[in-house]
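Each remark here refers to the structure printed beneath this line.
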Amino acid sequence: MKIQKVCSIKECGKPSINHGWCSKHYGRYKRNGNPLLLKQKIKKVCIIEGCTSVSNSLKMCIKHYARYRRTGDPLAIKVRSNSIQESEGARFCTKCKLWKLVDYFYKDSGGWKRGVCISCVNIMQKANWVTRSAESKASRHGYWVQYKYGISITIYKELFTLQNGACAICKQVCNSGRRLAVDHDHKTGEVRGLLCSRCNKALERLDKVPGWAQSAENYLVSQSSP
């Protein structure tokens, strides 16, 4: 019967694996050179001279790292000159460069106050929304032109440039901000040009209602004063 050897350390009692020690004491021996020496936790302090706080990021404590993020210098101190700055709970907005009370700052997911005030956040969000909205509208228009008329947005822009941005019939530039409509032959599907909304609707009326133009002309003549 094989006898199980135990760790040579007194009162351990665990099976030995190497040099007469168990895995725990052998690991301590390999790390520290002594099977009884516990792992020493070295407390890292801030690299700023004279600071004894525990280091957090970039080997600096929370206070000096915050100064470094805010001004680029971990030794820079806030200069407070007005009543808001001297009051309790003031914060500096990195966008508008103004001191404001902490109530004018949103909190992030971690519960910390953001470095940009609510007013600047709203302005930036609105600007981003306008940019994304314009890009989304342009993308949807390109997809619709390709799907409905079988032409790419590049061909649409070439037609627009060729017509100098004006309607192919009335020769007027649309100042309302609406895009020129694509005019096409309803029988063959061939694209003929770009029209304003009024001319496009009138032309659609001519195609769908035979004799509409003559009837309209007769109506105007009959209603004109002698």
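The values are calculated or read from the model by the stated rules, or taken from the named source; none is laboratory data. Here the structure is a predicted model, which means the values were calculated and not measured. When we count neighbours, we look across all protein chains shown, and the Cβ atoms used for this are built from the backbone with ideal geometry, even at glycine.
Check 211, 177 and return the single one that is without any contact (Cβ under 8 Å) to a residue 24 or more places away in the chain, within 36 Å of the chain's Cα centre (by Cα) and surrounded by fewer than 16 Cβ atoms within 10 Å (Cβ to Cβ).
177
Looking for something modelled with pLDDT of 75 or more, farther than 18 Å from residue 117 by Cα and of a type in the set (A, V, I, L, M, F, W, C) - is there at least one such residue anywhere in the stretch 82-90?
Restricting attention to the stretch 82-90, the residues satisfying the condition of being modelled with pLDDT of 75 or more are 90.
Pick out the ones that are also farther than 18 Å from residue 117 by Cα and you get none.
Within the stretch 82-90, none of the residues are modelled with pLDDT of 75 or more, farther than 18 Å from residue 117 by Cα and of a type in the set (A, V, I, L, M, F, W, C).
So for the stretch 158-167 (the condition being among the aromatic types (Phe, Trp, Tyr) and modelled with pLDDT under 85), does at least one residue qualify?
no
For a quick check of your reading of the model, give me the residue pairs whose first member lies in the stretch 90-113 and is free of Cβ contacts under 8 Å to residues at least 60 places away in the same chain, whose second is among the charged types (D, E, K, R) and in a loop (DSSP other than H, G, I, E, B), with beta-carbon atoms closer than 8 Å and at least 6 apart or on different chains.
If the second residue must be among the charged types (D, E, K, R) and in a loop (DSSP other than H, G, I, E, B), the pairs left are 90/80; 92/78; 99/80.
I'm trying to understand the selection: among the residues of the stretch 21-70, which are in contact (Cβ under 8 Å) with a residue 24 or more places away in the chain and closer than 30 Å to residue 8 by Cβ?
35, 36
Looking at (1) out of contact with any helix residue (DSSP H, G or I) (no Cβ under 6 Å at 6 or more places or on another chain); (2) within 20 Å of residue 153 (Cβ to Cβ), which one does residue 176 not meet, given that it meets all the others?
Condition (2) is where residue 176 drops out.
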